[in-house]
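A.B. asks: Structure in structure tokens, see below.
The values are calculated or read from the model by the stated rules, or taken from the named source; none is laboratory data. The structure displayed is predicted, hence computed values, not measured ones. Virtual Cβ from ideal backbone geometry, glycine too; neighbours counted across all protein chains shown. Surface accessibility is based on the protein's heavy atoms, side chains included, excluding ligands, DNA and RNA. Shrake-Rupley method; radii C 1.70, N 1.55, O 1.52, S 1.80 Å.
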Amino acid sequence: MKWLLIGIIVAATSLGEVLQAIGMRRHGEIRDFRPSALGRAASVLTRNWPVIASVVAMGVSFFAFVGLLSFTDLSFAVPVTAVTFAIETVLAKYVLKERVNWLRWVGAGVVVCGVVLVSL
Amino acid sequence: MTSDTARLHSKTWACSAVVVLANVFGDFSLKRGMPGELSSPLSYITVLFRPWVALGVTLLVVWLLSRMTLLSWADLSYVLPVTSISYVLVALAGRWFLDERITRLRWAGILLIVAGVALVGGGSAPQTFGGQSGEQS
């Protein structure tokens, strides 16, 4: 049950966060932080399908996380789901076509090692 | 161009701080209000009405929105490591406020996470995908 929930969280979070990045890139940089401008941005985003799909995926991930938290430590549940980190850096490179330089790869790798230690 | 880069950097740091704090306190509140066991599918819904859980959900909505804002200009491969400092802060919150035991192995892992975050957040530009503003690295 524990690992099933972790699997659901990892899959849904990776998918959701990459879709979120695709949708927000399509929207463009938010430069105006006045409430009215933020409201306009929000209403534009309701017609941005990757953003909508990402919210659905994050919702799935949220309920699985709630289930996991009900019987594990916070300091276990949060780090163990950071496996998404490795998956998402790869997706950033190949799906989002970001230029991931060697420093970012090393940083991501070091973080993953840390996450593994935390979850042992 | 230089002032534009500086503006992008300070905006990035401010927004990252909101993302991290909302995430940490959101997760903490969620755990604080969670009962020991969720027995039925219905309890997944009713649990949302507990005050701590409701606060946690609110903070996680703030987290989602601030993260979306940040991703509107910054690379995902930049945002991921920079905001992963929240893994450390969550562990500390568990230790201090929830009396969770953190082994030496876990602390070692936490230190590695900090090191990885420093590597990525320290030098690189937040944006490489070629928007109108920001430095190309």
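A.B. asks: Take A:THR13 and decide whether it is modelled with pLDDT under 85, surrounded by 19 or more Cβ atoms within 10 Å (Cβ to Cβ), assigned to a helix (DSSP H, G or I) and more than 8 Å from every other protein chain (Cβ to nearest Cβ).
C.D. replies: For A:THR13, the condition - modelled with pLDDT under 85, surrounded by 19 or more Cβ atoms within 10 Å (Cβ to Cβ), assigned to a helix (DSSP H, G or I) and more than 8 Å from every other protein chain (Cβ to nearest Cβ) - is not met.
A.B. asks: Open to solvent by 60 Å² or more (accessible area, probe 1.4 Å), over 17 Å from A:LEU5 (Cβ atoms), part of a helix (DSSP H, G or I) and of a type in the set (D, E, K, R): is that true of A:ARG26 in this structure?
C.D. replies: yes
A.B. asks: Let me ask something else. Residue under question is B:LEU42, and the condition is that it be within 7 Å of chain A (Cβ to nearest Cβ), open to solvent by 30 Å² or more (accessible area, probe 1.4 Å), free of Cβ contacts under 8 Å to residues at least 24 places away in the same chain and more than 26 Å from A:ASN101 (Cα to Cα); does it hold?
C.D. replies: No, not satisfied.
A.B. asks: If we scan the range B:76-99, do we find a residue that is among the hydroxyl-bearing types (Ser, Thr, Tyr), in contact with a Lys or Arg (Cβ under 8 Å, 6 or more places away or on another chain) and open to solvent by 10 Å² or more (accessible area, probe 1.4 Å)?
C.D. replies: Yes, the range B:76-99 contains at least one residue that is among the hydroxyl-bearing types (Ser, Thr, Tyr), in contact with a Lys or Arg (Cβ under 8 Å, 6 or more places away or on another chain) and open to solvent by 10 Å² or more (accessible area, probe 1.4 Å).
A.B. asks: Scan the range B:1-33 for residues that are modelled with pLDDT of 85 or more and open to solvent by 20 Å² or more (accessible area, probe 1.4 Å) and jot them down.
C.D. replies: Within the range B:1-33, B:SER10, B:LYS11, B:TRP13, B:ALA14, B:ALA17, B:VAL18, B:LEU21, B:ASN23, B:PHE25, B:PHE28, B:LYS31, B:ARG32 meet the criteria.
A.B. asks: So, one more: Residue by residue through the range A:63-73, note down the ones that are at the interface with chain B (Cβ under 7 Å from one of its Cβ atoms), without any contact (Cβ under 8 Å) to a residue 60 or more places away in the chain and more than 16 Å from B:LEU105 (Cα to Cα).
C.D. replies: A:PHE63, A:VAL66, A:LEU69, A:SER70
A.B. asks: What's the total number of residues in the range B:68-92 that are part of a helix (DSSP H, G or I) and more than 7 Å from chain A (Cβ to nearest Cβ)?
C.D. replies: 10
A.B. asks: Ok, one more. Please go through the range A:88-115 and pick out each residue that is crowded, with 17+ Cβ neighbours inside 10 Å and more than 7 Å from chain B (Cβ to nearest Cβ).
C.D. replies: A:LEU91, A:VAL112
A.B. asks: Right, something else. Can A:SER61 be described as among the hydroxyl-bearing types (Ser, Thr, Tyr), more than 18 Å from A:LEU15 (Cα to Cα) and either out of contact with any Lys or Arg (no Cβ under 8 Å at 6 or more places or on another chain) or crowded, with 20+ Cβ neighbours inside 10 Å (or both)?
C.D. replies: Answer is no for this residue.
A.B. asks: With the structure loaded, tell me whether A:VAL78 is without any contact (Cβ under 8 Å) to a residue 24 or more places away in the chain, at the interface with chain B (Cβ under 7 Å from one of its Cβ atoms), closer than 21 Å to B:PHE25 by Cβ and buried (at least 23 other Cβ atoms within 10 Å of the Cβ) or whether it fails that test.
C.D. replies: So A:VAL78 passes the test.
A.B. asks: Anything in the range B:51-64 that is facing chain A (nearest Cβ under 9 Å), in contact with a Leu (Cβ under 9 Å, 6 or more places away or on another chain) and open to solvent by 10 Å² or more (accessible area, probe 1.4 Å)? List them, or say none.
C.D. replies: Listed by number, the residues that qualify are B:VAL57, B:LEU60.
A.B. asks: Something else: Given the criteria touching a Gly at 6+ places or on another chain (Cβ under 8 Å) and on the phi > 0 side of the Ramachandran plot, does A:GLY28 qualify?
C.D. replies: Spelling it out, A:GLY28 is indeed touching a Gly at 6+ places or on another chain (Cβ under 8 Å) and on the phi > 0 side of the Ramachandran plot.
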